[in-house]
Amino acid sequence: MRKAICPGSFDPVTNGHVDIIERSCKLFDRVTVLVLQNPDKNCVFTAEERVELLRVALRHIPNVDVDCFDGLLAEYARNVGACALVKGLRAVTDFEYEFQMALTNKKLNNELETLFMNTDETFMYLSSSVVRQVARLGGDISGFVPANVHDAILKKLKG
Ligand code: COA
């Protein structure tokens with residue numbers, strides 16, 4: 001059983017993330033999408049909300065599950081027996097930061113490989129904060145996020 005993790009803060013999940021997760025699920029027997037804490041970010045959605053949004057957005061994929069964790073990613077991977085992390089790379093600018101994280105995770109868990117998957121060109125420009133900003137300024141985000149996320153963002157903004 002080859003198990004992988006797609007980690008991120010997912011605040012919120014976008015169509016770009018869904019694309020990476022769908023493609024990862026074709027390569028591994030089981031994929032866990034893991035909602036983690038990035039200490040440099042103040043999230044708009046709670047961890048529970050982000051997990052629920054992911055569960056609904058990914059329910060068409062049979063071999064995926066969604067979880068959250070507030071510790072070290074490398075430790076979580078060891079505990080569940082995952083052999084790989086899959087991260088989407090959108091542009092060269094992502095690389096340095098991702099490379100640093102990959103090396104750190106490898107130091108913390110030598111059994112864990114990080115695989116970089118190129119983002120589909122349609123989603124090169126996307127990020128969770130771009131989605132939030134466009135929504136806040138009244139733009140149409142329906143092409144950027146799954147339908148349930150679209151509704152949740154609008155509700156959050158109204159609240
Ligand atoms: N499509 C669209 N957007 C994408 C994307 C894709 N395929 N891949 C990444 N992004 C966006 C994300 O939405 C995010 O946007 P934002 O900055 O507007 O929020 C941005 O690119 C960065 O994503 P990512 O590199 O995945 O960072 P992250 O903050 O979402 O996740 C963690 C980082 C949570 C995985 C990392 O902090 C972590 O592992 N934390 C746990 C603690 C730990 O183990 N620390 C040691 C790690 S070395």
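The values are calculated or read from the model by the stated rules, or taken from the named source; none is laboratory data. On a predicted model such as this, the values are computed, not experimentally measured, just so you know. Don't worry about glycine lacking a Cβ; one is built from the backbone with ideal geometry, like all the others, and counts go over all protein chains shown.
Which of the residues that make up segment 32-48 are farther than 11 Å from VAL13 by Cβ and either crowded, with 17+ Cβ neighbours inside 10 Å or among the β-branched types (Val, Ile, Thr) (or both)?
THR32, LEU34, LEU36, VAL44, THR46, ALA47
Being within 12 Å of the ligand (Cβ to nearest atom), surrounded by 15 or more Cβ atoms within 10 Å (Cβ to Cβ) and not in a strand (DSSP E or B), is that true of even one residue in segment 55-68?
No; the residues of segment 55-68 include none that is within 12 Å of the ligand (Cβ to nearest atom), surrounded by 15 or more Cβ atoms within 10 Å (Cβ to Cβ) and not in a strand (DSSP E or B).
Could you check segment 28-50 and list, in sequence order, the residues that are over 20 Å from ASN79 (Cβ atoms), in a helix (DSSP H, G or I) and either free of Cβ contacts under 8 Å to residues at least 24 places away in the same chain or in contact with a His (Cβ under 9 Å, 6 or more places away or on another chain) (or both)?
If the condition is that a residue be over 20 Å from ASN79 (Cβ atoms), in a helix (DSSP H, G or I) and either free of Cβ contacts under 8 Å to residues at least 24 places away in the same chain or in contact with a His (Cβ under 9 Å, 6 or more places away or on another chain) (or both), then GLU48 is the only one that fits.
Could you tell me whether ASP11 is among the charged types (D, E, K, R) and within 11 Å of the chain's Cα centre (by Cα)?
Judged against the criteria, ASP11 is a match.
Regarding GLY81, is this residue touching a residue at least 12 places away in the same chain (Cβ under 8 Å) and in contact with a Gly (Cβ under 8 Å, 6 or more places away or on another chain)?
Answer is no for this residue.
Do we find that PHE144 is under 16 Å from the mean Cα position of the chain (by Cα), aromatic (Phe, Trp, Tyr), more than 22 Å from GLU48 (Cβ to Cβ) and surrounded by 12 or more Cβ atoms within 10 Å (Cβ to Cβ) in this structure?
Yes, satisfied.
Can you confirm whether segment 115-124 contains a residue that is more than 10 Å from the ligand (Cβ to nearest atom), closer than 15 Å to SER24 by Cβ and out of contact with any Phe, Trp or Tyr (no Cβ under 9 Å at 6 or more places or on another chain)?
yes
What residue, among those in segment 77-101 that are near the ligand (Cβ under 8 Å from one of its atoms) and in contact with a Leu (Cβ under 8 Å, 6 or more places away or on another chain), is modelled with the highest pLDDT?
Selected residue: LYS87.
Can you tell me which residues in segment 84-108 are surrounded by 15 or more Cβ atoms within 10 Å (Cβ to Cβ) and assigned to a loop (DSSP other than H, G, I, E, B)?
Correct list: ARG90 only.
Can you tell me which of ASN42, ASN79, ASN63 is more than 18 Å from ASP120 (Cα to Cα) and touching a helix residue (DSSP H, G or I) at 6+ places or on another chain (Cβ under 6 Å)?
Of the residues listed, the single one that is more than 18 Å from ASP120 (Cα to Cα) and touching a helix residue (DSSP H, G or I) at 6+ places or on another chain (Cβ under 6 Å) is ASN63.
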